[in-house]
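The values are calculated or read from the model by the stated rules, or taken from the named source; none is laboratory data. This structure is a prediction, so every number in the text was calculated from the model and none was measured. With ideal geometry, Cβ positions are generated from the backbone for all residues, glycine too; neighbour counts draw on all protein chains shown. Surface areas here come from the heavy atoms of the whole protein model, side chains and all, with no ligands, DNA or RNA. Shrake-Rupley method; radii C 1.70, N 1.55, O 1.52, S 1.80 Å.
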Amino acid sequence: MQMKTRYWICVASRDHVNRGVNGGFAQLCHGKETPLKKMNTGDWIIYYSSKKNFKENTPHQKFTALGKVIDDNVFQFDMGNGFVPFRRNIDFISCTEASIHPLISQLSFIKNKERWGYPFRFGHLEVCEQDFKLIAEQML
């Protein structure tokens with residue numbers, strides 16, 4: 001039985017997103033397993049980066065990566081110092097970063113346009129295909 005394709009926005013600082021793109025993996029919510037297990041092979045993800053670097057507060061506010069979940073494997077990776085986060089294999093597509101600001105008024109998952117950052121607070125959210133395509137068009 002073919003699962004319905006789902007679309008996700010993952011939230012991480014740009015430096016962390018770049019590490020994932022270079023390694024071909026997604027890592028979410030400080031290495032938690034649960035958000036990764038919600039995804040299925042063939043689902044699509046877009047990363048949103050509110051800031052450039054994890055340890056700094058320089059705003060970025062851009063969609064920074066686009067990819068497809070390529071298998072059902074959720075695995076742990078030892079990063080040292082007792083940190084063993086969960087990851088998921090992703091086939092990232094070459095794209096350019098896109099500012100969220102011109103899209104805010106058109107994105108249906110942003111209910112309150114004044115407090116547009118609110119949906120990103122949990123680090124992972126499912127969005128409709130239309131919202132995903134709107135963002136992807138700006139990135140491709």
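Condition first: assigned to a loop (DSSP other than H, G, I, E, B), closer than 16 Å to TRP8 by Cα and out of contact with any Ser or Thr (no Cβ under 9 Å at 6 or more places or on another chain). Can you find one or more residues in the range 122-133 that meet it? So far as the range 122-133 goes, yes, one or more of its residues are assigned to a loop (DSSP other than H, G, I, E, B), closer than 16 Å to TRP8 by Cα and out of contact with any Ser or Thr (no Cβ under 9 Å at 6 or more places or on another chain). For ALA26, the criteria (1) open to solvent by 30 Å² or more (accessible area, probe 1.4 Å); (2) over 17 Å from GLY117 (Cβ atoms) hold in every case but one, which is (1). Take the residues in the range 79-122 that are surrounded by 10 or more Cβ atoms within 10 Å (Cβ to Cβ) and hydroxyl-bearing (Ser, Thr, Tyr); name whichever of them is modelled with the lowest pLDDT. Out of the qualifying residues, it is TYR118. The residues on offer are PHE109, PHE54, PHE83, and the sole one that is touching a Pro at 6+ places or on another chain (Cβ under 6 Å), touching a residue at least 12 places away in the same chain (Cβ under 8 Å) and either of a type outside the set (A, V, I, L, M, F, W, C) or not in a strand (DSSP E or B) (or both) is PHE109.
For the range 4-23, the tally of residues that are hydroxyl-bearing (Ser, Thr, Tyr) and open to solvent by less than 20 Å² (accessible area, probe 1.4 Å) stands at 1.
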